[in-house]
């Protein structure tokens, strides 16, 4: 990744300017190109990129989802003189971030950066705040207490940061939530759901039988047991679970994973370290019927057509009701694709950002 982005270091975009008119003359709009920076966690400083040129060279990770968003931002809002920074750094600040639009990734503890007052707007991946306690308490007890313990740990982190940086004070900077996007997924035109040969699909880490304080591990164990029960209860249907060890490179590669998911009618999307998961959005993008644990309170999940299971033990019955009703499967697949296009796709997220970014500042003015 370093070699890919190093080619963009020091790129200074040409600035289109106009000669200021004499006093009393006509008014002109000074146009300036947008600038885009990528600040990965392992980088000491942001790297300037040209999204459309950088995109083909990126590795198969979630970088591509957000750089694509940047590409749409540049296409839909050209020559606004805006700076966009995609960063995995919670508290590190660089001079290019002054008055910039910040897309912050990698913060699963819902922290407010100390520099929030110095940027134009901030869009945080995975949410701005933890799920309400009342919603957490509705989860199965084995999951709820783990989530509450995690939230308490995050609160302690916020307290320590307050001692270091001071109280965040009144937050006047616009702040919004963004979805996780996809990870190990290639561009692919999926077949209609009725042509797919796998009825239920999951690919992911083998949770094992050991005890863990992490809610994701407990949920994965419960889902594994439910999948085994579903295979016995639904012998006429093809239920496929591809478990892998923890090391990602020992599992399916992006090509095989994309093809397998595109050939599935129903995709299971258990929770990750937080309530959100890449799998849900990957399933929507490929038109699978999504089966998920309860989703967090986020604007982009309001119209999500996922089938929610409160407990994974409900899975065999849920799968039976879906697979025995092909018209319902087809409709849920259509709604999932529509939700992706209208709400979650790179273009939809770029439009969401554009509608919420203040565009009047010293960077672009009437003269």
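How many residues are within 28 Å of residue 99 (Cβ to Cβ) and free of Cβ contacts under 8 Å to residues at least 12 places away in the same chain when one looks only at segment 170-193?
1
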More than 21 Å from residue 334 (Cα to Cα), surrounded by 22 or more Cβ atoms within 10 Å (Cβ to Cβ) and either in contact with a helix residue (DSSP H, G or I) (Cβ under 9 Å, 6 or more places away or on another chain) or without any contact (Cβ under 8 Å) to a residue 60 or more places away in the chain (or both): does that describe residue 275?
yes
Of all residues making up segment 109-129, the number that are surrounded by 20 or more Cβ atoms within 10 Å (Cβ to Cβ), over 18 Å from residue 294 (Cβ atoms) and modelled with pLDDT under 90:
2
Tally up the residues in segment 77-95 that are touching a helix residue (DSSP H, G or I) at 6+ places or on another chain (Cβ under 6 Å) and over 15 Å from residue 123 (Cα atoms), please.
1
I'm trying to understand the selection: among the residues of segment 323-335, which are more than 12 Å from residue 234 (Cα to Cα) and part of a helix (DSSP H, G or I)?
326, 327, 328, 329, 330, 331, 332, 333, 334, 335
Restricting attention to segment 42-63, and to residues there that are buried (at least 20 other Cβ atoms within 10 Å of the Cβ) and assigned to a helix (DSSP H, G or I), which single residue is nearest to the chain's Cα centre (by Cα)?
63
Looking at 259, 302, which is the one that is without any contact (Cβ under 8 Å) to a residue 40 or more places away in the chain and over 16 Å from residue 239 (Cβ atoms)?
302
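A quick yes/no check of all residues on (1) at pLDDT 95 or above; (2) surrounded by fewer than 22 Cβ atoms within 10 Å (Cβ to Cβ):
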{"site": "242", "(1), (2)": "no, yes"}
{"site": "248", "(1), (2)": "no, yes"}
{"site": "257", "(1), (2)": "no, yes"}
{"site": "263", "(1), (2)": "yes, yes"}
{"site": "266", "(1), (2)": "yes, no"}
{"site": "271", "(1), (2)": "no, no"}
{"site": "281", "(1), (2)": "yes, no"}
{"site": "284", "(1), (2)": "yes, no"}
Can you give me the ranges of the helices (runs of 4 or more DSSP H) entirely in segment 130-238 with at least 3 residues that are touching a helix residue (DSSP H, G or I) at 6+ places or on another chain (Cβ under 9 Å) and surrounded by fewer than 17 Cβ atoms within 10 Å (Cβ to Cβ)?
141-165, 215-233
Which residue, of 313, 297, is in contact (Cβ under 8 Å) with a residue 12 or more places away in the chain, part of a helix (DSSP H, G or I) and closer than 21 Å to residue 214 by Cα?
313
For segment 64-81, check the following and say yes or no: at least one residue is in a strand (DSSP E or B) and in contact (Cβ under 8 Å) with a residue 12 or more places away in the chain.
yes
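The values are calculated or read from the model by the stated rules, or taken from the named source; none is laboratory data. These figures come from a predicted structure and were not determined experimentally. All Cβ positions, glycine included, derive from the backbone under ideal geometry; neighbour counts span all protein chains shown.
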